[in-house]
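This report concerns only the one structure given below.
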Amino acid sequence: MNLQELGDLFRQERERQGLTIDVVVEKTRISKINVQAIESGQSDLLPHPVYAKGFVKNYARLLGLDPDKLAAVMAMEYTIEEEIPVEESPREQMVLSRGRGGFDSLRRRRMNLVILVLAVLAIVGGLVAYSFLSASPDKAAAPVEMIGGQGGESTPEEAAAPAEEHAAMAPADEDGAPVVDAAAEAVAPVAQDEPAAATEAPAEAQPAVAQTPAAEAPREEAPVAAAVHAPQRVDVHATTGVCWLLAKVDGGDEHGGVTVDVTLQPGQSKLIRFDKTMTLKLGNAGAVSLRLNDKPYALDAKQGQVRTLSFSAE
């Protein structure tokens, strides 16, 4: 059985069941152009053999045919030579390195900002601590309260008054002279010298005004630099022909990523985002144009040429 006979089998069974091509497209998720290519046996319109084999299996299951047998026929009758992937050109490497350099620059700026904020906080904390420690000795200095008049000074008359009062209250001897107690005589000289000391005291020890320590400034949390890796964007635009593509984003389904399998008609585009890595396989690389992060991506390929490209965000 060749491709033409295989296509006739699918078409006759579909018509026998009363199904239209649009119904097949809706139920199998196979594009209309691929369904028509399978039924007509036109290998030049079919996608890569891997995808063509999968389409045949899905179509056969819908019609109740043997999917493995028909897929084996497709694999045997439809094969193409696959080109060895070409290494990235210096220009491609330069574009990727620019993307990595932009992220490194952003990371350095954020780290410098964190260091600057920490330095400012350290300086503010040091000033607050110094102000608090320098104000502490003033708390211990209690104001000196002087005994005497309102201004803290005692006049000679006020100092001598207690001695005179004591002398007046002392008992007199036989001749009428007052008897001066020895303790009073010892106190008198001190009372005479006290005014001079009292007048000098305010100049030496003034009541100290207690300083209130400056309120400690609230410490601000240093902003944590987020490891932001903005997702990379690859935009594939079909310009001059039909092109199928297979993209394995961040390892594909096998490694927890995503696998994108789509066929683009002329004028259609597909935007693919990835965080770490992506492998992009194009079935007709000469019919599309690429943009990486909104910048043109050089893709030197011919019509019908299969290309495999690798992208990395690191």
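A short reminder: the numbers here are calculations on the coordinates, not readings from a lab. Note that the structure is predicted; figures quoted are calculated from it, not measured. Note that each Cβ is placed from the backbone with ideal geometry, even for glycine, and that neighbours are counted across all protein chains shown.
Overview of values
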read-out: Gained length - Asp250 relative to Ser289, 0.36 nm times residue gap less alpha-carbon distance; value: 11.8 nm
read-out: Highest to lowest packing among 289-296, 119-126, 70-77, scored as the average C-beta count within 10 Å; value: 70-77, 289-296, 119-126
read-out: Residue pairs, from the table Lys57/Lys276; Lys53/Lys295; Lys27/Lys53; Lys276/Lys302, whose Cα atoms sit over 26 Å apart; value: Lys57/Lys276; Lys53/Lys295; Lys276/Lys302
read-out: Highest average packing first - 106-117, 273-284, 55-66, Cβ atoms within 10 Å; value: 273-284, 55-66, 106-117
read-out: Square roots of five times the Cα gyration tensor eigenvalues for the stretch 3-77, Å; value: 17, 13, 12
read-out: Inter-label distance, nm, simple model (7 Å from Cα along the C-beta direction), Val258/Tyr130; value: 5.6 nm
read-out: Formal net charge of residues neighbouring Ala230 (Cβ-Cβ distance under 10 Å; K, R +1; D, E -1); value: +1
read-out: Protection-proxy order for peptides 298-310, 36-48, each taking the mean of Cβ atoms within 10 Å per residue, highest first; value: 36-48, 298-310
read-out: Residue-span extension gain [Asp275 to Ser43] - 0.36 nm each, minus C-alpha spacing; value: 79.9 nm
read-out: Label-point separation, Gln265 to Met76 (7 Å along Cα→Cβ), nm; value: 3.4 nm
read-out: Theoretical gain in end-to-end length, Val50 to Gln305 [0.36 nm per residue, Cα-Cα removed]; value: 90.2 nm
read-out: All-pairs Cα distance distribution in the stretch 239-314, expressed in whole percent, bin size 5 Å; value: 4, 16, 27, 27, 17, 9, 2
read-out: Translational D in µm²/s for the stretch 1-45 (Stokes-Einstein at 25 °C, 0.890 mPa s, Kirkwood Rh from C-alpha pairs); value: 233 µm²/s
